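Notes to accompany the following structure.
The values are calculated or read from the model by the stated rules, or taken from the named source; none is laboratory data. Note that the coordinates shown come from a computational prediction; the quantities given were computed from them, not determined experimentally. All Cβ positions, glycine included, derive from the backbone under ideal geometry; neighbour counts span all protein chains shown. Protein only, heavy atoms only, side chains kept; ligands, DNA and RNA dropped before computing areas. Shrake-Rupley method; radii C 1.70, N 1.55, O 1.52, S 1.80 Å.
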Amino acid sequence: MMRQDDDAHAMREDNGMRRHAFLFAIVFATALQAAPPDIEKLIREMTLEEKLGQLSQYVPDQPELQPALKNGHVGSILNGGGAERVNELQRAVLAGSRLKIPMLVGHDVIHGYRTIFPIPLGIAATWDPSLAELSASVAAREARAAGIRWTFAPMVDIARDPRWGRISEGAGEDPHLGKLMAAAYVRGFQNNGLLACAKHYAAYGGVEGGRDYGTVEMSEQTLRDVYLPPFRAAAEAGAATFMSAFNTVNGVPATSNRFLLTDVLRGEWGFRGFVVSDWSSVTELIHHRVAAAPRDAAVAAINAGVDMAMVDGSYMTLGDAVRDKRVSMATIDEAVRRVLRAKVAAGLFDDPFTDASRTAATMLTRENRDAARRVARQSFVLLRNEGDVLPLRRDAGTIAVVGPLAESRVDLLGSWAAEGKAEDAISIFEGLRAAAGTAKVMLANDAEAAGRADVIVAVLGENRDMSGEAASRASIELSQSQQRLLEELVSTGKPVVLLVLSGRPLALAWAAEHVPAILQVWFPGIEGAAALAEVVFGDAAPGGRLPVTIPRATGQVPIYYAQLPSGRPADPANKFTNKYIDVPIGPLYPFGHGLTYTKFEYSDVEINGNVASIAVRNAGSRDGEEVVQLYITDVVASVSRPVRELKDYRRIALKAGETQRVEFTITREQLSFWKGKILTAEPGQFRLRIGPNSAVGLETTYELK
């Protein structure tokens, strides 16, 4: 139980963690707030049209850009295209600006700029925020060298429906893991001079049916408990900007949602940066049927709290709305003030240009590639390894590599690959062949040819265009041709290793029953093939754990581990319970699952005051790493609470035969949930489960007095 002195200890620890985040946040926030004295003077001297120009963003090939440049009405450009081009545009902006206000250049630097890392879902599978921070640091340094000062990342949307293509861009289904990753990305970007943008605010990952740009309907409790925490973590880490989402939230479009943009973001969280709309999401308020014309949409968006309109030019129509009092000048001035503060933080008033001669030396360095390989190694999730088929031996005879993705380079990059190029990568076939030692690696075109080898490696899944924005799928199974090929490969009787490339979890029920070894490799980036070869041949062990639940069939989704309990829990012996009649109960692979090349045993769980602990033993013959996970269940509460929630975890390294006692300190925050606007922890009993994933573990009880 948590006694008064224990409670104080837990609160001190919690406050310490918050203090660390706050200290980082204040470093960046100071830059946002400590604007030079002349910014207020600039605002006083600007015409209304010049102010609206600061709130407008363009793309370089947009017809409206040239007159805007001439009149000094350009606040930002996205996708500027390299240091020389950015400098050219910046000179044009300054030439047209009466007050010589530089523009802010943004770009979708999502998982690398030139050095492409695994997709964010793959980075989340590392369960290591330091690797997320590393990837963002490399991306920021390269982007800055190309003249970019602002990235539209991180995407921190919680996603529990793998039909949604943009699940590839985030950290998966869990708010705790999502919070850690969100803060890490912000630190990585902004500590290296690139303004971060937390997106898509908010609840975009909850769209109905996984259909991009769709509708979101959810309770405020779910919104606050699940979907908002990563955004709050990004704000507390000092994120300079937020991006409003395309979707509606309970009937109100996110881009005109004052509750989200002003009441919560600025009122409750104290956010001092600026909000940019998503691409044309201001004028899309017309399609949402909450505005009749672009001018009305602009009024709704800026009054709700959107400071900058992306691409659609809508904010340049606000002059009449200010003059007829539908928008106050104070609202316009505050939006301009926020944008100018961000430009100060980006260093644009000190030096708006980039030394183009240094660009090449910054891109794709050996250090950057090594970082990408390190992250990729930790992102692979070993789903199944019956009979220890993996790792393959280098004297394994002949290894056949087969499948439509075996020779692809471009698909390793995934969506939103910025300036990454296919020629920067090698294919999986090339990577395995280069690392195979005395084993002969051959490319097979079909099952008959593959069957002549000693071992078969099948490279299946999605090409990169099948996930990401505007890539929702009604079915997340393998294609019919790939499924047929896989069945033919298994029928040869040779050991089969399935390497799954994808931007989402795929339903692999047949493979999970018939293929002895399955490795989820996501879209692993330019060093992905080399990292994969290291893991396949045992130079490194797979270190990833699932940040999402893998379903047995598409019809099970949305499926996630932290569901609310049913009044009739699933029971295979009772028809009238919460289940499907045509698939087994539960997921194919649970959240948190991931094997490695050794075995771990858990024992002796206990609770002592606020500290829960468990003994973990490496019971295999090889050194390895385990991710020990703590889940908490609120046994009785005033509202229905999830069956369990991830609250903490530890990655530990154990030598073969070694045992380590792993401890977790229980805090009041871990036991809390939202009731309206109040975060509360109710006294009572809690079940603690510690184990290797969300489905199994050893339990003990804990009481909050």
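Side notes on the structure shown:
- Only one of the listed residues (Thr262, Thr255, Thr241) is over 25 Å from Glu645 (Cβ atoms), of a type in the set (S, T, N, Q) and open to solvent by 10 Å² or more (accessible area, probe 1.4 Å). That residue is Thr262.
- Within the range 291-323, the residues that satisfy the criterion of being within 30 Å of the chain's Cα centre (by Cα) and assigned to a loop (DSSP other than H, G, I, E, B) are Gly305, Val306, Asp307, Val311, Asp312, Gly313.
- Count of the range 624-675 residues which are touching a residue at least 40 places away in the same chain (Cβ under 8 Å) and not in a strand (DSSP E or B): 17
- Number of residues in the range 392-403 that are surrounded by fewer than 21 Cβ atoms within 10 Å (Cβ to Cβ) and either among the hydroxyl-bearing types (Ser, Thr, Tyr) or in contact with a helix residue (DSSP H, G or I) (Cβ under 7 Å, 6 or more places away or on another chain) (or both) equals 1.
- Evaluation of Ser135 against (1) under 23 Å from Glu469 (Cβ atoms); (2) in contact with a Leu (Cβ under 7 Å, 6 or more places away or on another chain) (one fails), failing number: (2)
- Number of residues in the range 215-251 that are closer than 11 Å to Ala198 by Cα, in a strand (DSSP E or B) and among the hydrophobic types (A, V, I, L, M, F, W, C): the value is 2.
- Total residues in the range 606-620, condition farther than 27 Å from Asp388 by Cα, open to solvent by 40 Å² or more (accessible area, probe 1.4 Å) and not β-branched (Val, Ile, Thr): 2
- Long-range neighbours under 6 Å by Cβ, at least six apart or interchain, first residue open to solvent by 10 Å² or more (accessible area, probe 1.4 Å) within the range 519-535, second part of a loop (DSSP other than H, G, I, E, B): Glu534/Ala540
- The condition (being open to solvent by less than 30 Å² (accessible area, probe 1.4 Å) and either farther than 20 Å from Tyr561 by Cβ or in contact with a helix residue (DSSP H, G or I) (Cβ under 9 Å, 6 or more places away or on another chain) (or both)) is satisfied by just one residue among Gly684, Gly657, Gly691: Gly684.
- Elements of type helices (runs of 4 or more DSSP H) contained in the range 98-211, each with 2 or more residues being within 11 Å of the chain's Cα centre (by Cα) and farther than 26 Å from Glu423 by Cα: 175-190
- The range 585-605, subset more than 21 Å from Asp388 (Cα to Cα) and either of a type in the set (A, V, I, L, M) or exposed (fewer than 13 other Cβ atoms within 10 Å of the Cβ) (or both), residue farthest from the chain's Cα centre (by Cα): Asp604
- Among the candidates Ala330, Ala360, residue that is open to solvent by 60 Å² or more (accessible area, probe 1.4 Å), aliphatic (A, V, I, L, M), over 24 Å from Glu64 (Cα atoms) and modelled with pLDDT under 95: Ala360
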